[in-house]
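Chemist: A single structure is presented below for examination.
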Amino acid sequence: MAPLKHAILGVGGVGGVLGTLLAHLGDSVTAVVRPAVLTAYPERFHLKSTFGTFDAPVSRAAEVPACDVLWITVKATQLETALSSITNPRAVGKIVPLLNGIDHLSLLRARYGDDSVIAATIAGEMERISAGQFVHSTPFLRLHVASAGRTLLSSTLDGLSKIGLECRFIDAEPTLMWGKLVFLAPFALATTAAGRTVGGVLQDPVWRGLAESCVREACAVAAAEGAQVDVNVVLSFAGKAPPGMKSSMQKDVEQGKPPELDAIAGPIIRQGRAHGIDVSATRKLADIVETRTRTSSKSND
């Protein structure tokens, strides 16, 4: 198969890390950036990862170019604005969003068609240090893609697996999407509410209790939504997470940025209500995060 043409919409930590690795594999990668920074944006990306150090050439554009795969890697709070860069949807082969949460899938499918969007998730700690400079600091990086993307992306995921990523195709979309959310939401909410790292949350009985209750609530809602999740596996995995790890939500609040609160906590709360499932721990953590967000925003004004 000929090398794929990829476009990356959202060159933050996730988009930068993924774009560098795809270009390192020899595929064509175009980073979609704001017109104001287009001419000054680096033409080579640099990634320092637990898998090694990578440098790779990446093209730049102010609008989404013709491509085989468009990876959408913006924050959920930035999605609507970012989509204005897709000026010719017919020139885009498939859209693979790597946003946190679940609700973005229905939005994208309503706009671009069900067959155009392939569900996927990515998990790991990734940051943009500066334009074109990225860091991946966790010992793991997981890219899971719905089986609908197997034909198009098999060789891509094989290549990324050889670098060190854990890449899998998942048959059941509810399991794919909720499988990430049941871990992400409890610990994004708990670390942000507590203002502590994952290790700090787990060492405190009160915060750990809230996080574990949130895991159980999220898993109950996920099961009601048709996902196959195991609460004990989620709790066990959380205990193995790097103790110094911070969630992206926590970093956003610390920097006075709007967190992805609705995207991450919203599905659990809304679907919990729909299924009559108690999600009081999730609500409590979300309320604390909302309060911390207002306080942080004021202090950064």
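The values are calculated or read from the model by the stated rules, or taken from the named source; none is laboratory data. Bear in mind that the values here come from a model prediction, so they are computed numbers and not experimental data. A quick note on method: Cβ atoms are made from the backbone with ideal geometry, for glycine too, and the neighbour counts reach across all protein chains shown.
Chemist: Inspect the range 271-292 for any residue being modelled with pLDDT under 90 and surrounded by 15 or more Cβ atoms within 10 Å (Cβ to Cβ) and give the result as yes or no.
Modeler: yes
Chemist: Need the failing condition index for Ala36 against (1) of a type in the set (A, V, I, L, M); (2) buried (at least 23 other Cβ atoms within 10 Å of the Cβ); (3) part of a helix (DSSP H, G or I), just the number.
Modeler: (2)
Chemist: Further, regarding this structure: Based on this model, can you work out whether Ser85 counts as hydroxyl-bearing (Ser, Thr, Tyr), surrounded by fewer than 17 Cβ atoms within 10 Å (Cβ to Cβ) and either modelled with pLDDT of 95 or more or farther than 25 Å from Pro258 by Cα (or both)?
Modeler: no
Chemist: Answer yes or no: is there a residue in the range 19-33 that is of a type in the set (Ser, Thr, Tyr), within 21 Å of the chain's Cα centre (by Cα) and either modelled with pLDDT of 95 or more or outside the structural domain of Val145 (by TED's automatic domain parsing) (or both).
Modeler: Checked the range 19-33: at least one residue is of a type in the set (Ser, Thr, Tyr), within 21 Å of the chain's Cα centre (by Cα) and either modelled with pLDDT of 95 or more or outside the structural domain of Val145 (by TED's automatic domain parsing) (or both).
Chemist: For the range 85-116, give me each residue that is under 20 Å from Arg142 (Cβ atoms) and in contact with a Pro (Cβ under 8 Å, 6 or more places away or on another chain).
Modeler: Gly101, Ile102, His104, Leu105
Chemist: Among the residues of the range 1-18, what is the count of those that are at pLDDT 95 or above and under 16 Å from Lys94 (Cβ atoms)?
Modeler: The number of residues fulfilling the criteria is 7.
Chemist: May I pose another question? Quick one: how many residues across the range 167-191 are touching a Leu at 6+ places or on another chain (Cβ under 8 Å) and of a type in the set (S, T, N, Q)?
Modeler: Result for the range 167-191: 0.
Chemist: Identify all residues within the range 148-193 that are surrounded by fewer than 21 Cβ atoms within 10 Å (Cβ to Cβ) and small (Gly, Ala, Ser); write none if there are none.
Modeler: Ala148, Gly149, Ser154, Ser155, Gly159, Ser161, Gly164, Ala172
Conditions (1) within 15 Å of Trp71 (Cβ to Cβ); (2) of a type in the set (D, E, K, R), marked per residue:
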| position | (1), (2) |
| --- | --- |
| Gly101 | no, no |
| Ser106 | no, no |
| Arg111 | no, yes |
| Asp114 | no, yes |
| Ala119 | yes, no |
| Met126 | yes, no |
| His136 | no, no |
| Leu141 | yes, no |
| Ser147 | no, no |
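Chemist: Taking the condition of being in contact (Cβ under 8 Å) with a residue 60 or more places away in the chain, crowded, with 16+ Cβ neighbours inside 10 Å, hydrophobic (A, V, I, L, M, F, W, C) and under 29 Å from Pro42 (Cα atoms), how many residues in the range 91-135 meet it?
Modeler: 8
Chemist: Ok, one more. Restricting the range 212-247 to residues that are buried (at least 16 other Cβ atoms within 10 Å of the Cβ), closer than 14 Å to Gly199 by Cα and in contact with a Leu (Cβ under 9 Å, 6 or more places away or on another chain), which is modelled with the highest pLDDT?
Modeler: Among those that are buried (at least 16 other Cβ atoms within 10 Å of the Cβ), closer than 14 Å to Gly199 by Cα and in contact with a Leu (Cβ under 9 Å, 6 or more places away or on another chain), it is Glu212.
Chemist: Right, something else. Report whether or not Ala66 is surrounded by fewer than 19 Cβ atoms within 10 Å (Cβ to Cβ) and touching a residue at least 40 places away in the same chain (Cβ under 8 Å).
Modeler: yes
Chemist: Separate question: Residue check, Val201 against (1) in contact (Cβ under 8 Å) with a residue 40 or more places away in the chain; (2) crowded, with 21+ Cβ neighbours inside 10 Å; (3) within 25 Å of Pro267 (Cβ to Cβ), all met but one. Which one?
Modeler: Here Val201 clears every test but (1).
Chemist: Tell me, yes or no, whether the range 248-262 has at least one residue that is surrounded by 19 or more Cβ atoms within 10 Å (Cβ to Cβ), among the polar types (S, T, N, Q) and in a helix (DSSP H, G or I).
Modeler: Within the range 248-262, one or more residues are surrounded by 19 or more Cβ atoms within 10 Å (Cβ to Cβ), among the polar types (S, T, N, Q) and in a helix (DSSP H, G or I).
Chemist: When you scan the range 94-204 for strands (runs of 3 or more DSSP E) that lie fully inside it, which ones turn up with 2 or more residues that are closer than 30 Å to Arg283 by Cβ?
Modeler: 120-123, 126-130, 142-146
Chemist: All but one of (1) within 17 Å of Ile170 (Cβ to Cβ); (2) small (Gly, Ala, Ser); (3) out of contact with any strand residue (DSSP E or B) (no Cβ under 6 Å at 6 or more places or on another chain) hold for Ala131; which doesn't?
Modeler: If we test Ala131 against (1) within 17 Å of Ile170 (Cβ to Cβ); (2) small (Gly, Ala, Ser); (3) out of contact with any strand residue (DSSP E or B) (no Cβ under 6 Å at 6 or more places or on another chain), just (1) comes out false.
Chemist: Sticking with this structure for a sec: Return the total of residues in the range 13-33 being outside any helix (DSSP H, G or I) and under 22 Å from Gly149 (Cβ atoms).
Modeler: Total satisfying the criteria: 8.
Chemist: Does the range 274-282 include one or more residues that are touching a Gly at 6+ places or on another chain (Cβ under 8 Å) and polar (S, T, N, Q)?
Modeler: Yes: the range 274-282 contains one or more residues that are touching a Gly at 6+ places or on another chain (Cβ under 8 Å) and polar (S, T, N, Q).
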